[in-house]
Amino acid sequence: AQSVTQLGSHVSVSEGALVLLRCNYSSSVPPYLFWYVQYPNQGLQLLLKYTSAATLVKGINGFEAEFKKSETSFHLTKPSAHMSDAAEYFCAVSGDTGRRALTFGSGTRLQVQP
Amino acid sequence: DAGVIQSPRHEVTEMGQEVTLRCKPISGHNSLFWYRQTMMRGLELLIYFNNNVPIDDSGMPEDRFSAKMPNASFSTLKIQPSEPRDSAVYFCASSASRQGRNIQYFGAGTRLSVL
């Protein structure tokens, strides 16, 4: 079975500060890991994905995430927060063959203070 | 590409009525997923299809829910009869499920309110 745990349902940072959103996964097979962002009243947009090619993954809008197998983590970071980054962020895991559906974490709402 | 298209965007109905949600996946994608988002349960898979065939429907809540994919460009999720606890945002997503490319693209969702 696969699962993800997102620590912190709400994170608040100041504009220009580092953004760190935490995700830990559990998977019995090498996982595919994803970060999605959801703006109010919109669908989910892919930020980045890990598919075993490289442990440091760069995504859109300046976000990146590092896969750490020893820590079973896939934390999302951005060096400098913008007001436009305020949204809800979801970490998700899927298998390759077999269970292709995504299993989502509970989400982290990011607030950016001016 | 227009992306995944869902209709309607909003649906308000009364308890006991039939509700049909529609989804058009991205052209060329061969996997389609239905998810439900609620405050209590977050995002959860209802059902997914591969090459129009249902692969995993373990997330379908009960017999009131049914999903079909009659062809590669269309899917429906039907709730009959609807209940207030079905109120949620329903998302459809599609992907080209070649190995290593399981990237799912989401529609804007249908917000369902059952009164």
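Things to note:
- Bridgeable lysines around residue A:68 (alpha carbons under 16 Å apart, same-chain partners fewer than 8 residues away excluded): A:49, A:58.
- Taking every alpha-carbon pair in segment A:5-89 and binning the separations at 10 Å intervals from zero gives 16, 52, 28, 4 percent.
- Within segment B:11-115, the trypsin sites (Lys or Arg not before Pro) that combine a DSSP coil assignment with at most 12 other C-beta atoms in a 10 angstrom radius are B:41, B:98, B:101.
- Rg/Rh for the protein assembly as shown, where both radii come from Cα atoms and Rh is the Kirkwood radius: 0.97
- Using a probe of 1.4 Å, the accessible surface attributed to residue A:82 totals some 90 Å² when neighbouring protein chains are kept in position.
- Loop-located chymotrypsin sites (Phe, Trp or Tyr not before Pro) in segment B:40-115 whose Cβ has at most 11 other Cβ within 10 Å (DSSP): none
- √(5λ) per eigenvalue of the Cα gyration tensor, chain B, largest first, Å: 23, 14, 13
- Per-residue SASA remark: residue A:60, around 60 Å² accessible (1.4 Å probe; ligands, DNA and RNA not included).
- With 5 Å bins beginning at zero, the pair-distance distribution over Cα atoms of segment B:1-48 amounts to 5, 15, 20, 25, 22, 9, 4, 1 %.
- Accessible area of the protein assembly as shown belonging to carbon and sulfur atoms, whole % at 1.4 Å probe: 50
The values are calculated or read from the model by the stated rules, or taken from the named source; none is laboratory data. Owing to the predicted nature of the structure, the values given are computational and were not obtained by experimental measurement. Note that each Cβ is placed from the backbone with ideal geometry, even for glycine, and that neighbours are counted across all protein chains shown. Protein only, heavy atoms only, side chains kept; ligands, DNA and RNA dropped before computing areas. Shrake-Rupley method; radii C 1.70, N 1.55, O 1.52, S 1.80 Å.
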